[in-house]
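The values are calculated or read from the model by the stated rules, or taken from the named source; none is laboratory data. Here the structure is a predicted model, which means the values were calculated and not measured. Every residue, glycine as well, gets a Cβ built from its backbone with ideal geometry; the counts of neighbours run over all protein chains shown. Accessible surface areas use protein heavy atoms only, side chains included; no ligands, DNA or RNA. Shrake-Rupley method; radii C 1.70, N 1.55, O 1.52, S 1.80 Å.
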Amino acid sequence: MTGGLGRIGVVTFPGSLDERDARRAVGLAGGEPVELWHREKDLRQVDAVVLPGGFSYGDYLRCGAIARFSPVMEPLLEQARAGMPVLGICNGFQVLCESHLLPGALTRNDHLHFVCRDQRLRVETDGTAWTGDYETGQEITVPLKNGEGGYVADERTLDALEAEGRVVFRYVGGNPNGSRRDIAGISNEAGNVVGLMPHPEHAVETLTGPTTDGLGFFTSVLKRLVTA
């Protein structure tokens, strides 16, 4: 860790929507939020990175397909492969899949409608950099809002994710978008890169969120940085 507080960068792409919420969540967890601009390759000595929700580049071509080529992604990919914690939320999850840091893809919701609701999730593993403050099997509630949130992958990939314990979150109480096997979030093999469609950054304060269940993402990574 580079300083007394964990420095967590939050990338802003053209069309990002939730970067301010993500930075606020970092601060509430006790970290130092750092703004990262999509056109700059300098990660500003951050210890972890959040790719926020929104509609990067207007979701042209495919969600996340253009953002994947932003200059900031070059050092981010390098650092993620070296072990830096990276969290992709909603559009950020799509960017991680387009960048091949995570397998599979996010497709149009099976009911062809945008969905916005408070969503129950089950934590399937506490072994990632972003879930250490949860217990495996714990249920949490955070907001969900997406039009292209259906997680898909071939059966071999899905079987591997299950066998390797890389399904991090699963939808509970109904599948909101047709995701295969009710998958809401996954990780890479090392567990430092996590992507999910729901929005933990919107569930960090009782004033504005349905719960404060999302704060654990950010406290988890800060604790991981201290012990790394």
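The residues in region 171-189 that are assigned to a loop (DSSP other than H, G, I, E, B) and more than 15 Å from the chain's Cα centre (by Cα) can be counted, and the count is 8. Residues of region 114-148 that are within 28 Å of ALA80 (Cβ to Cβ), out of contact with any helix residue (DSSP H, G or I) (no Cβ under 6 Å at 6 or more places or on another chain), open to solvent by 10 Å² or more (accessible area, probe 1.4 Å) and part of a loop (DSSP other than H, G, I, E, B): GLU124, THR125, ASP126, GLY127, GLU135, THR136, GLY137, GLN138, GLU148. Among the residues of region 167-179, is any in contact with a helix residue (DSSP H, G or I) (Cβ under 9 Å, 6 or more places away or on another chain), open to solvent by 50 Å² or more (accessible area, probe 1.4 Å) and closer than 17 Å to GLN94 by Cβ? No, region 167-179 contains no residue that is in contact with a helix residue (DSSP H, G or I) (Cβ under 9 Å, 6 or more places away or on another chain), open to solvent by 50 Å² or more (accessible area, probe 1.4 Å) and closer than 17 Å to GLN94 by Cβ. In this entry, LEU36 passes the filter for residues that are farther than 20 Å from ARG166 by Cα, out of contact with any Phe, Trp or Tyr (no Cβ under 7 Å at 6 or more places or on another chain) and of a type in the set (A, V, I, L, M). Would you check if there is a residue in region 179-201 being in contact with a Pro (Cβ under 7 Å, 6 or more places away or on another chain), touching a residue at least 60 places away in the same chain (Cβ under 8 Å) and within 13 Å of ASP118 (Cα to Cα)? Within region 179-201, one or more residues are in contact with a Pro (Cβ under 7 Å, 6 or more places away or on another chain), touching a residue at least 60 places away in the same chain (Cβ under 8 Å) and within 13 Å of ASP118 (Cα to Cα).
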